[in-house]
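What follows is a set of notes on a single structure, which appears directly below.
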Amino acid sequence: MGTDSRFSGRRDEDHRSLEFDLATPTNRITRNTILLKNVLRISRGIHQRLHDFSTNKINSIHRHFKGSGIKVKCENVNKNNWIHTAMAGGDYSKIGVYLDMDCLTNKTYNIITDEIKNYTGSNYHWLIKIGNCNESFTFLNALPLNWDSQFSLLTSDGKIYQLHKEGKSKLLSMSNTAIWNSIELKTIKTVTKEDLNGLAVKGFISVYADPGVSGILNYLRTKTNDPRDNLAKFSFTLHDILIKKYNGKLKLYLANRTETGKIYKFINGSLSYYSGGQFYMLEKGLADIGLYPAEPLSAGLDKMSILPSITTFRQCFIFKHPRRFTKFMDILSPFSSIVWSALIAISVLFVCLMRLTLYHVNDTESSTVFQIILVISSLTQQGLTDTCERMSKKIIYFSLLILSTLTYGFYNASFLILMLSPPTKYINSIEKLLNNDIQLGAEDVPLNRFQLITNYNNLGEKSQSANFSRPEMFYSLFDGVKMMREKSFAFFTHDSNILSLVETEFKEQEKCNLAEVDVFKPFVVSSFIRKNLPYKELFARGILLLKESGIIARESRFWFRKKAQCFRYDEYIVADFKSAYFAYAVYFFGICCSITLLGLELLYLNKLKKKK
């Protein structure tokens, strides 16, 4: 790879890359060409004969950067596996390799070809400078290029070509992508690939059901009573349309059952992608497209590419909203607790004033008990026989009359409005839901455990959410829907999943009583594509085309249920015994007190008669 073996190193903090500058002028062309291909992490740019690159050279590089904090692993390096070992030595997603064919001879072509065949995947970007055209093209045609291989060709006149093989074709194709004038690199806009030419694209998907290998395609195209896989089916349908449009084939890989549902993980206070499943397959190059949609996170940008969003993912609490005037003390609901407290305080104040006014009167009617009864009777507009000889007493009675009239007027009007107005769902926030006596639960999936513990707005809500750390707070989707119907229970899950079951499991009246409360804002989800995949832009533009043509909206209406349809609605409220509990309690308390006092009075009179 050239004869000059001088190296100098630097750490690029912006791109977190390790770059080895080559001897001038090949350093500039190598660096610029590789960075042109969005290689943000370069572990080695090599200017040495490939078959002579030995352990000593790697160790010399390691000693040079020993104090820089850069991790370079160099053990057991030899001419057959030096690239693989260097790649495993640090957190690098790409290796850039420069190959000067002027240094090669016919004797070394077979050796070079044999060694390169293991490093033609998308993790390696090759820049090859050709000398003798005939010999060079013989060598290039013998290269085992894959459809995702990254090979650039630098000719003697400064032109740079992109080498690739279209689909399953064995013919080598070249497109001019840039021109090098020894000072700067000028890019040339090339025609984007529009045809996969029968290429088999490897897609990875995870589903909850187990349809078997032979039945997976039919299962992904069929809507069933189990809505948990509808998101995966929706994504599969869109990408299947794209791949067929671009004349390709889709080869599916299924997740292991233990990996299903594991999309995210929580590390050091931030959300990241689960290190197994489709993200492992994408990172290692075992799959081209991850078909299970997830939220785009910056944590995965260095390991995979993200396609445009395909839908919005919403999770919320869904529950049967409690109806008004069905609970104890609901009869007091027209007034707030502050109003009732103020009325009690005013009543106590009037009792004190009445007692102070009649302080010098020594009779039964001036007692404290009698004054309490008198004030309560006045507030409740009950007539009592009493003489008003004092002006202060008349003023108190007049004030009580005005207070009771206004209170009764507002209370009756509020009660009438509540009874005649259509039922309102007053639990419309997470705060009101947490302060209600509704039991909380969530679908037992890893994402829900994260969302319910970390996405609250204040410490009060977060302390309430700590209950979800208990295993008994999580239920399967079907058990959660059953509990929603049978009791006062709020279930947290993907809204479309539960609403799909509501359509079949709930009666019309029960659907009308359903309410939804968001914990956090809905977020968009996207599918993923392997890093540096040559056909990334093809799929990205295809997703946008599906949006503009309305295909995504059509498929979304088919696979997802956004709202429970309610064809029956109560136009009035009927108060039951529970809501009038306080009124009945006061009534029976008065009866019991009257009977008790009457009995005590009769006993007292009997004792007086016996004494006489």
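Here are a few things to note about the model shown:
- Taking other C-beta atoms within 10 angstrom as a stand-in for reagent exposure, Lys563, Lys202 fall in the order Lys563, Lys202, fewest first.
- A full extension of the chain between Leu217 and Asn176 corresponds to an added length of 10.8 nm, given 0.36 nm per residue minus the alpha carbon distance.
- If R0 is taken as 35 Å, the Cβ-Cβ distance between Leu416 and Ser392 corresponds to a FRET efficiency of 0.45.
- Mean separation of Cα contacts under 8 Å, 6 or more apart, over the residue count of region 200-314: relative contact order %: 36
- Region 519-552 and region 475-490 have Cα centres lying 34 Å from one another.
- As a proxy for reagent exposure, ranking Val586, Val445, Val481 by other Cβ atoms within 10 Å from fewest up yields Val586, Val445, Val481.
- Fewest-first sequence of Asp240, Asp210, Asp229, Asp157 by Cβ atoms within 10 Å of each Cβ: Asp157, Asp210, Asp240, Asp229
- Region 263-306: trypsin sites (Lys or Arg not before Pro) in DSSP loop, at most 14 other beta carbons within 10 Å: Lys284
- If you plug the beta carbon distance of Thr380 and Glu505 into 1/(1 + (r/R0)^6) with R0 = 56 Å, you get a FRET efficiency near 0.70.
- Calculated FRET efficiency for the pair Ser488/Lys244, C-beta based, R₀ 45 Å, to 0.05: 0.40
No lab work stands behind these numbers, since they all come straight from the coordinates. Keep in mind it's a predicted model, so treat the numbers as computed, not measured. No Cβ is skipped: glycine too gets one built from the backbone with ideal geometry, and neighbour counts run over all protein chains shown.
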